[in-house]
Amino acid sequence: MSSLHSFSIHRVALAVVASLALALPTHAEAPAPKPAAGDGAILLTIFLRHDQTKTLDEINAQLDRTGFRKNFPPEGVEVVSWYVMMGIGQVVTLRVPPEKLRTVNLAIEKGAWGAFRTEFYATYDYRPVWEEQRKAR
């Protein structure tokens with residue numbers, strides 16, 4: 001099996017596992033994010049994938065050097081949830097006013113790169129829809 005094919009299969013499997021882990025309700029789950037109340041804020045989910053070529057101490061030292069913990073999230077941006085996905089890294093969901101989107105991006109580029117590989121996903125709260133559909137059955 002080629003290295004590229006193995007990598008592709010690994011990515012697909014990882015995406016499926018992550019999707020299932022995020023979609024399935026659990027008893028330890030945090031409350032559903034509150035609606036944006038018409039303020040135009042968006043939910044943004046960021047995958048902070050650990051650089052597995054580095055030890056945890058090296059990752060933490062990189063975050064200290066860049067000031068990531070001091071500068072993230074930027075002022076005016078709310079952390080809705082912050083979870084660790086074992087073997088992957090951290091998954092952060094933010095409530096972001098549209099005018100702060102660039103600021104969030106810069107905070108990640110300046111602070112997280114070198115410690116994490118990052119992925120961004122626009123997100124919405126599906127839980128109320130799921131609950132309503134469940135009641136209807």
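Coordinate-derived values only; no laboratory data. Note that the structure is predicted; figures quoted are calculated from it, not measured. Here the Cβ is made from the backbone with ideal geometry for all residues, glycine too, and neighbour counts use every protein chain on show.
Would you pull out the residues with amide H under 5 Å of Ser81's amide H, same chain only if 5 or more places away, H placed 1.01 Å from N?
Answer set, sorted by chain and number: Thr93.
Give the shape of region 54-118 as rounded, prolate or oblate, defined through the alpha-carbon gyration tensor: a ≥ b ≥ c are the square roots of its eigenvalues, a/c under 1.5 means rounded, and otherwise the shape is prolate if a/b is larger than b/c and oblate if not.
oblate
What's the local net charge at Arg65, with K and R +1, D and E -1, over the other residues with C-beta under 15 Å away?
Every neighbour counted, the sum reads -1.
Would you work out which of Ala115, Leu94, Leu44 lies farthest towards the positive end of the dipole of region 40-125, given +1 charges on the beta-carbon of Lys and Arg and -1 on that of Asp and Glu, about the Cα centre?
Ala115
Provide the per-residue ³J(HN,Hα) series for region 86-94, in order, calculated from phi with Karplus coefficients 6.51, -1.76, 1.60 and θ = phi - 60°, each as a whole number of Hz, with x at glycine and proline positions.
Per-residue couplings from phi come out as 4, x, 10, x, 10, 10, 10, 10, 10 Hz.
Please say if region 47-87 is rounded, prolate or oblate, where rounded means a/c under 1.5 for a ≥ b ≥ c the square roots of the C-alpha gyration tensor eigenvalues, and otherwise the choice is prolate for a/b larger than b/c and oblate otherwise? Please report the intermediate quantities before stating the final value.
Values: a/c = 3.29, a/b = 1.35, b/c = 2.44.
It is oblate, given that a/c is not under 1.5 and a/b is not larger than b/c.
Using per-residue counts of other Cβ atoms within 10 Å, averaged over each peptide, order 108-120, 79-91 from highest down.
Highest-to-lowest ranking by the protection proxy: 108-120, 79-91.
Given a Förster radius of 30 Å and the C-beta distance between Glu58 and Tyr124 as r, what FRET efficiency does 1/(1 + (r/R0)^6) yield to the nearest 0.05?
Taking R0 as 30 Å, the efficiency between Glu58 and Tyr124 is 0.25.
Around Gly114, what is the net charge, scoring Lys/Arg as +1 and Asp/Glu as -1 over all other residues with Cβ under 13 Å from its Cβ?
For residues surrounding Gly114, the net value is +1.
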